[in-house]
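Asks: This is the structure I want to talk about, given as structure tokens.
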Amino acid sequence: MARIQPIPLDALPEPLADAVARGCANRMLSSTVPVQVWAHRPELAQAWLATLETMHVNGVLDGRLRELVRLRIASITTCKACQLARKDDAVSEEDIACLSTDDARFSPHEKAALRYAELFAADYMAIDDAVFAELGRHFSTAQIVELNMFCALMLAGGRMTYVQQAYAE
């Protein structure tokens, strides 16, 4: 049970309800429960969803890479909703079972992003100029910025969902 009572979907303000509907339709959201908790502050929930939607729909990172990064961070935050969700069919269950930065199944740019995500979530003090230089070999500046922002949202969202237990209905 969520620690904060979720607002019923039919009680969400229209702009937030529309954002939730779009997020479910495009697979950005795998559960509405976290958003229903955030809906106690609808303007903030809507802003969070708008940022996620921009990256999900119009991002400069491809869907497979985002999904790999999201799942790597979810394995660190132990957010149940995040771990169970599947947001891109280009990531297989075999990929998920091997989310290691040295697994041969991943391309060099996927390995760099996975390493960055792992450090971002678990050992951020280890992120140094060498890590950014490696990212620069595989990604444009815009992609690096988006990767950083995506990691931040996934880490914060996963931790927030876990702490609020906003994954159970």
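Asks: Residue by residue through the range 120-169, note down the ones that are of a type in the set (D, E, K, R) and in contact (Cβ under 8 Å) with a residue 60 or more places away in the chain.
Replies: Glu146, Arg159, Glu169
Asks: Can you tell me which residue among Ala121, Ala152 is crowded, with 20+ Cβ neighbours inside 10 Å, in a helix (DSSP H, G or I) and in contact with a helix residue (DSSP H, G or I) (Cβ under 8 Å, 6 or more places away or on another chain)?
Replies: Answer to the selection: Ala121.
Asks: Starting from residues that are surrounded by fewer than 17 Cβ atoms within 10 Å (Cβ to Cβ) and among the small types (Gly, Ala, Ser), keep the ones in the range 36-56 and report whichever is nearest to Ala85 (Cα to Cα). Give the steps one after another, and end with the answer.
Replies: Quick first cut of the range 36-56, residues surrounded by fewer than 17 Cβ atoms within 10 Å (Cβ to Cβ) only: 40-41, 43-44, 47, 50-51, 54.
From what's left, among the small types (Gly, Ala, Ser): 47, 50.
Details: Ala47: 22, Ala50: 19 Å.
Once the filter is applied, the top-ranked residue is Ala50.
Asks: Tell me yes or no: at least one residue of the range 76-90 is without any contact (Cβ under 8 Å) to a residue 40 or more places away in the chain, surrounded by fewer than 20 Cβ atoms within 10 Å (Cβ to Cβ) and over 13 Å from the mean Cα position of the chain (by Cα).
Replies: Yes.
Asks: Look through the range 1-35, keep the residues that are at pLDDT below 95 and in contact with a His (Cβ under 9 Å, 6 or more places away or on another chain), and return whichever of them is least open to solvent (accessible area, probe 1.4 Å).
Replies: Looking at residues that are at pLDDT below 95 and in contact with a His (Cβ under 9 Å, 6 or more places away or on another chain), I get Met28.
The values are calculated or read from the model by the stated rules, or taken from the named source; none is laboratory data. All figures in this text were calculated on a predicted structure; none of them were measured in a lab. Because the Cβ atoms are built from the backbone with ideal geometry, glycine has one as well, and the counts that use them run over all protein chains shown. Note: accessible area is taken over every heavy atom of the protein model, side chains too, but ligands, DNA and RNA are not part of it. Shrake-Rupley method; radii C 1.70, N 1.55, O 1.52, S 1.80 Å.
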